[in-house]
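A short worksheet on the structure shown next.
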Ligand code: MN
């Protein structure tokens, strides 16, 4: 890369700051290598590349899309008074909403009820459409520990108005995720503790075996709806015990065999 193109990208970043990009980026845009479009054409500006560390490797897992399962643990469905018989459904977050392990997250705008949902995250190494249940695990690269951070008051309001969940689910820094543990290390996870501790107190204490739809079923259902591909993350739903957090709180998530996800909440 020439000095000139480096300078151009700094100018672009400065311009972005001037436009009011006050939210800290998950990764430095300067770290992203210059890319080319079709035919080798230079791109007019560089876009942030989001990736996650890989346990036991110096390589990183690049993130393409981020999907989440709506409801997947019976006790959590009951605590929010939702219909237990509904089939799984999905929503999405943008990849630049992914937050690295060990980071601080700013209390988000618009909400007075900012809640944690600890979740098993599936990281895909390949994909396709209409993936059969029995082939689904062949597409899994590994697993992570994630938080589906939620503006519950906005989610509830949009549900009551029969509007999309976007405002409650898809916002800055709403998708913290740990390093990805490759399947070769963790095996495929069907049972084991999934827990979240806030300020030293257990808030969520579930087991992956309580999931209504297991990982192969989630991949099967989601791949009917959209094409899955390498780099996709799927947050698989949360056990009971969701609750609010405030600035100053320290969240530590744990899934047996996957290690920890540690996030701090700071004032905006
Ligand atoms: Mn969730």
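Taken together, the values in this text are just the output of simple stated rules run on the coordinates, not laboratory data. In this text, all values refer to a predicted model and were calculated from it rather than measured experimentally. FYI the Cβ positions are ideal-geometry reconstructions off the backbone, even for glycines, and counts take in every protein chain you see.
What is the gain in length, in nm to one decimal, between residue 106 and residue 268 on full extension, counting 0.36 nm per residue of separation less the C-alpha to C-alpha distance?
Details: separation 162, 0.36 × 162 = 58.32 nm, distance 0.49 nm.
So the chain would gain 57.8 nm between residue 106 and residue 268.
For the peptides 112-118, 254-260, the ranking by mean Cβ contacts within 10 Å, running from highest to lowest, is 112-118, 254-260. The largest-to-smallest principal axis extents of the Cα set in the stretch 41-199 are 43, 43, 38 Å. The convex hull drawn around the Cα atoms of the stretch 114-264, when projected onto a plane and averaged over every direction, covers 8.9 nm².
Calculate the FRET efficiency for residue 60 and residue 137 from the Cβ-Cβ distance with a Förster distance of 35 Å, rounded to the nearest 0.05. Calculated value: 0.95.
Packing, as the average of other Cβ atoms within 10 Å across residues, places the peptides 169-178, 96-105, 57-66, 38-47 in the order 169-178, 96-105, 57-66, 38-47, highest first.
Within the stretch 58-80, whose backbone N sits under 20 Å from a point 7 Å along Cα→Cβ of residue 185? So the set is 58-64.
Which translational diffusion coefficient, to the nearest whole µm²/s, is obtained for the chain from the Stokes-Einstein equation, given a Kirkwood hydrodynamic radius over C-alpha pairs, 25 °C and 0.890 mPa s?
Values: Rh = 19.3 Å.
The diffusion coefficient I find is 127 µm²/s.
To the nearest ten degrees, helix 3-18 and the longest principal axis of the Cα atoms of the chain are 50 degrees apart. Taking R0 as 35 Å, what's the FRET efficiency between residue 210 and residue 161 from their Cβ-Cβ distance, rounded to 0.05? Calculated transfer efficiency: 0.70. Residues of the stretch 154-196 with the amide nitrogen closer than 19 Å to a label point 7 Å from the Cα of residue 113, along Cα-to-Cβ, please. Under 19 Å, as judged by backbone N against the label point of residue 113, lie 154-171 of the stretch 154-196.
Mind checking the full-extension length gain between residue 49 and residue 217? Use 0.36 nm per residue of separation minus the Cα-Cα distance, one decimal, nm.
Details: separation 168, 0.36 × 168 = 60.48 nm, distance 2.95 nm.
So the extension gain works out to 57.5 nm.
Taking the longest Cα principal axis of the chain as reference, the axis of helix 215-225 is set at about 60 degrees.
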